[in-house]
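No value in this document is a laboratory result; all are computed from the given coordinates. What you are looking at is a predicted structure, and each value in this text was computed from that prediction instead of being measured. Note: ideal-geometry Cβ built from the backbone for every residue, glycine included; neighbour counts use all protein chains shown.
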Amino acid sequence: MPDRLIRVNAYTTFDLVDGFARGHDFEEEAVAVLNVTAPREDPDEVTIELELDNGQLETLPAHAEGVTLSAAEARELAGELEKYAACVDAASDDG
């Protein structure tokens, strides 16, 4: 991944996942780095960052997206992820 903005190391949550970017007049797919962190000292938020491999993109310049969540928001997101993961598991069991 040239010109990487998110540092990838042994502690990165997911170093390569399938990603996509969608706009009004484009949609691009690329491998991506997805990372979840919190400050080491006095953590007061959870940060989620996503960076698509800009070597695979034609429309978008190199960039990373991110959101910061409170602890309660992070727990709510975790619950939603568990719920939808269970749906995917159940669908896989049916097939």
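Specify the residue with the greatest mean-square fluctuation among Asp18, Asp42, Asp53, computed from a Gaussian network of the chain linking alpha-carbon atoms under 10 Å apart. Highest fluctuation among the options: Asp42.
Note on Ala78 and His63: the model spin-label points, each 7 Å out from Cα along the C-beta direction, lie 3.1 nm apart.
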